[in-house]
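The values are calculated or read from the model by the stated rules, or taken from the named source; none is laboratory data. Because the structure is a prediction, the values reported are computed rather than measured. SASA here: full protein model, heavy atoms, side chains in, ligands and nucleic acids out. Shrake-Rupley method; radii C 1.70, N 1.55, O 1.52, S 1.80 Å.
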Amino acid sequence: QVNLVESGGGLVQAGGSLRLSCAASERTFSMYTMGWFRQAPGKEREFVAAINRSGGGTDYAVSVKGRFTISRDNAKNTVYLQMNSLKPEDTAVYYCGASAVVLTNRLYDYRYWGQGAQVTVSS
């Protein structure tokens, strides 16, 4: 069992920045691909970004590439999502997930999830 806790969400104006953090309770954190997904009201949960176990490989959704950066610190059991140039359409609940599959962007590959962090971008 891996417990994940997100933090860092909030309200920001368009063009602003936020950094989300996701802390894991499990010391085997470094064995998992970590991903960020988001879910807007009335929409399905969608892939945002993923990072492999070592942090040397990443993948991004087209909609966030060049604006968001995923990173991890295995010594702190934490994964981050730096979000810059935020747009109103980035408004959603952001979830971090842990997967045993290498650098996957598929929702069903993620077995463990955090409770979510609300990000609201005003225009």
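Details
- For segment 17-32, putting each phi into the Karplus relation 6.51 cos²θ - 1.76 cosθ + 1.60 with θ = phi - 60° gives couplings of 10, 9, 10, 8, 10, 9, 9, 10, 7, 8, 6, 8, 3, 5, 8, 10 Hz, in residue order, rounded to whole numbers and with x for Gly and Pro.
- Descending Cα extents along the principal axes, the chain, whole Å: 40, 27, 24
- Residue-level accessible surface for residue 45, protein heavy atoms, 1.4 Å, Å²: 70 Å²
- Taking a straight line from the alpha carbon of residue 65, these lysines sit under 17 Å away, with near neighbours fewer than eight places off in the same chain left out: 87.
- Excluding ligands, DNA and RNA, the accessible surface per residue across segment 9-79 is 52 Å² with a 1.4 Å probe.
- Remark: segment 105-118, residue by residue, has Karplus-estimated 3J(HN,Hα) of 10, 8, 3, 6, 7, 8, 8, 10, 9, x, 7, x, 9, 7 Hz, where x stands for each Gly or Pro and the curve is 6.51 cos²θ - 1.76 cosθ + 1.60 at θ = phi - 60°.
- Within the chain, percent of DSSP bridges classed antiparallel, to nearest 5: 90 percent
- Stretch gain in nm, segment residue 62-residue 101, where the contour uses 0.36 nm per residue and the Cα spacing is subtracted: 12.0 nm
- Table column - 3J(HN,Hα) (Hz), segment 48-61, Karplus curve with 6.51, -1.76, 1.60, x for Gly and Pro: 10, 7, 9, 9, 7, 4, 7, x, x, x, 9, 9, 9, 5
- Residue ranking by accessible heavy-atom surface, 1.4 Å probe, largest first, among 21, 71, 99 comes out as 71, 21, 99.
- Distant-in-sequence amide contacts of residue 87, defined by a placed amide H-H separation under 5 Å and a gap of 5 or more residues or a different chain, comprise 15.
- One Cα centroid belongs to segment 81-123, the other to segment 23-80; the line between them spans 7 Å.
- Amide H contacts under 5 Å for residue 68: 84, restricted to partners 5 or more places along the chain or on a different chain, H placed in the peptide plane at 1.01 Å from N.
- Heavy-atom accessible surface of residue 54, to the nearest 10 Å², is about 100 Å², with a 1.4 Å probe and all protein chains retained.
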